[in-house]
1. Anything in region 148-176 that is of a type in the set (V, I, T) and either free of Cβ contacts under 8 Å to residues at least 12 places away in the same chain or out of contact with any Gly (no Cβ under 8 Å at 6 or more places or on another chain) (or both)? List them, or say none.
2. Please tell me if L206 is out of contact with any Phe, Trp or Tyr (no Cβ under 8 Å at 6 or more places or on another chain), on the phi < 0 side of the Ramachandran plot and in contact (Cβ under 8 Å) with a residue 40 or more places away in the chain.
3. When the residues of region 125-170 are filtered to those that are farther than 17 Å from Q245 by Cα and of a type in the set (D, E, K, R), which remaining residue is nearest to the chain's Cα centre (by Cα)?
4. Inspect region 27-41 for any residue being modelled with pLDDT of 95 or more, buried (at least 18 other Cβ atoms within 10 Å of the Cβ) and of a type in the set (D, E) and give the result as yes or no.
5. Could you list all residues from region 80-127 that are aromatic (F, W, Y) and either in contact with a Pro (Cβ under 6 Å, 6 or more places away or on another chain) or closer than 30 Å to K179 by Cβ (or both)?
6. Exactly one of (1) closer than 20 Å to V120 by Cβ; (2) modelled with pLDDT of 90 or more is unmet by I199. Its number?
7. Which one of these is modelled with pLDDT of 95 or more, of a type in the set (S, T, N, Q) and within 15 Å of the chain's Cα centre (by Cα): S233, S182?
8. Give the residues of region 106-143 that are of a type in the set (A, V, I, L, M) and either closer than 17 Å to V65 by Cα or assigned to a helix (DSSP H, G or I) (or both), sorted by residue number.
Amino acid sequence: MFQMRGKKALVIGVANDSSIAWGCAKALRAQGADLAITYLNEKAEPFVRPLAEELEAEIVMPLDVQDNAQTDALFHEIARKWGRLDTLLHSIAFAPREDLHGRVIDCSAEGFCVAMDVSVHSFLRMIRRCEPLMPDGGTCMTVSFQGSTKVVEHYNMMGPVKAALESAVRYAAAELGPKGISVHALSPGPLRTRAASGIAEFDELLDAAAQRAPTHHLATIEDVGAYAAFLASAEAANVTGGVHQIDGGYSIVA
């Protein structure tokens, strides 16, 4: 089950070995997938490249999703080297700190636009670039959080942003379903990543989540990776458009 030998997967968002994207990359590789892994910039490269080499990634390139030239170069290399793509894993989000730490109603138009562009529209842009490389179908995944549907203290403007991301997943799934391309959002509960550490009082949120979850365990990047590997497999080809809760049951508790 879940054999991915010979499949080609692009993983966007590895920053270090605590990244959700890293958990997903490990799981995809464990099932036999060949990987393309991106890093944000020269500052990030020393942290990401050794991880990519550990998984024998065949393509390792920079990608700032707001840089069209870097996007062009990445997909040109994928087309040149592989000629196709089977899986996209998009695990990036960003909001300016001053907007993230303030009230939603106080966030600036500029900050909101940047957060929407990097966290949401970049996923649509990546899907659009993947589409011609998936003539026989494929899987596109992104990462959300339950602050999209519920008010989570200190999550602030990222709540509306993730709500938009989940809506984008549903529309993209409907549009690409006839081509055999599935689209998903992975929604782990609170877990310790570098990106999440930017949220105020995040340690308290983690403690409360572990106490509340029926399993009394926070999700791990390995949990998310295992689920991503299933969704990328042929066995999940008829599953699409969902927001998949990977949170020890945290989301079911009132």
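1. Taking region 148-176 as the starting set, the residues that turn out to be of a type in the set (V, I, T) are 149, 151-152, 161, 169.
Scanning region 148-176 gives T149, V151, V161.
2. Working: out of contact with any Phe, Trp or Tyr (no Cβ under 8 Å at 6 or more places or on another chain): yes; on the phi < 0 side of the Ramachandran plot: yes; in contact (Cβ under 8 Å) with a residue 40 or more places away in the chain: no.
No.
3. R125
4. Let us first name the residues in region 27-41 that are modelled with pLDDT of 95 or more, namely 27-41.
Then keep just the ones that are buried (at least 18 other Cβ atoms within 10 Å of the Cβ); that gives 27-29, 31, 33-40.
If we keep only those that are of a type in the set (D, E) too, we end up with 34.
Yes, region 27-41 contains at least one residue that is modelled with pLDDT of 95 or more, buried (at least 18 other Cβ atoms within 10 Å of the Cβ) and of a type in the set (D, E).
5. Filtering region 80-127 down to residues aromatic (F, W, Y) leaves 82, 94, 112, 123.
Matches in region 80-127: W82, F94, F123.
6. Of the numbered conditions (1) closer than 20 Å to V120 by Cβ; (2) modelled with pLDDT of 90 or more, the odd one out for I199 is (2).
7. Working: S233 fails: within 15 Å of the chain's Cα centre (by Cα).
Residue meeting the stated conditions: S182.
8. Going residue by residue through region 106-143, those that are of a type in the set (A, V, I, L, M) are 109, 114-116, 118, 120, 124, 126-127, 133-134, 141, 143.
Listed by number, the residues that qualify are A109, V114, A115, M116, V118, V120, L124, M126, I127, L133, M141, V143.
The values are calculated or read from the model by the stated rules, or taken from the named source; none is laboratory data. Remember, it's a predicted structure, so these values are computed and weren't measured experimentally. Reconstructed Cβ throughout: ideal geometry from the backbone, glycine too, with neighbour counts over all protein chains shown.
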